[in-house]
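As structure tokens, the structure follows; a few thoughts come after it.
Coordinate-derived values only; no laboratory data. Source: prediction; values computed, not measured. Every residue, glycine among them, receives a Cβ derived from its backbone with ideal geometry; neighbour counts consider all protein chains shown.
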Amino acid sequence: MPKKAIRKKQVSPERLMQFGFAYAPPLIIGAAVKNKVFDTLDSGAKTIDQVSKTTGASQRGLRAIMNALVGLELLKNDRQGEYSLTLESENFIVSTKPGTLTVSVPMILMRMIQI
């Protein structure tokens, strides 16, 4: 009877690295809220250039923030370079929506960063 191959559990630093970057999502969301990214996208999908023209934020900064938000699954982007809200961000991170959580963003950031 052949011996069963013993599989070793793969070890990865991913979980520990996630701890180290736990501060990043609130900062990214805070920057997007401050620059009205979610509010601007509430009227429909837009390119970074369009969001920049509406908000006055730099394209370079918006590209970093909006791509990070795609990674956090709070924005979607398509092949034409247009970004749009997810169902979650549409309902909870647009400042004009009844269920908005944007009022808590400054409080969270104040606790994270000493101003």
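Brief remarks follow.
- Semi-axis lengths, largest first, of the ellipsoid equivalent to the range 10-61 are 31, 11, 10 Å, with √(5λ) applied to each eigenvalue of the Cα gyration tensor.
- Listed peptides 10-23, 46-59, 94-107 by packing density, highest first (mean Cβ within 10 Å): 46-59, 94-107, 10-23
- Prolate/oblate/rounded call for the chain, Cα gyration tensor, a/c under 1.5 rounded: prolate
- Per-residue ³J(HN,Hα) for the range 24-38, Karplus 6.51 cos²θ - 1.76 cosθ + 1.60, θ = phi - 60°, Hz, x for Gly and Pro: 5, x, x, 5, 5, 4, x, 5, 5, 5, 4, 8, 6, 4, 5
- Rounded to the nearest 20, the size of the Cβ-charge dipole of the chain about its Cα centre is 820 debye, with Lys and Arg at +1 and Asp and Glu at -1.
- 3J(HN,Hα) couplings calculated from phi for the range 65-81 with the Karplus curve 6.51 cos²θ - 1.76 cosθ + 1.60 (θ = phi - 60°) are, in sequence order, 5, 5, 5, 5, 5, 5, x, 7, 6, 9, 9, 10, 9, 10, 5, 8, x Hz; Gly and Pro show x.
- Positive-pole candidate from Met107, Leu69, Ala45, dipole of the range 1-109, charges at beta carbon: Leu69
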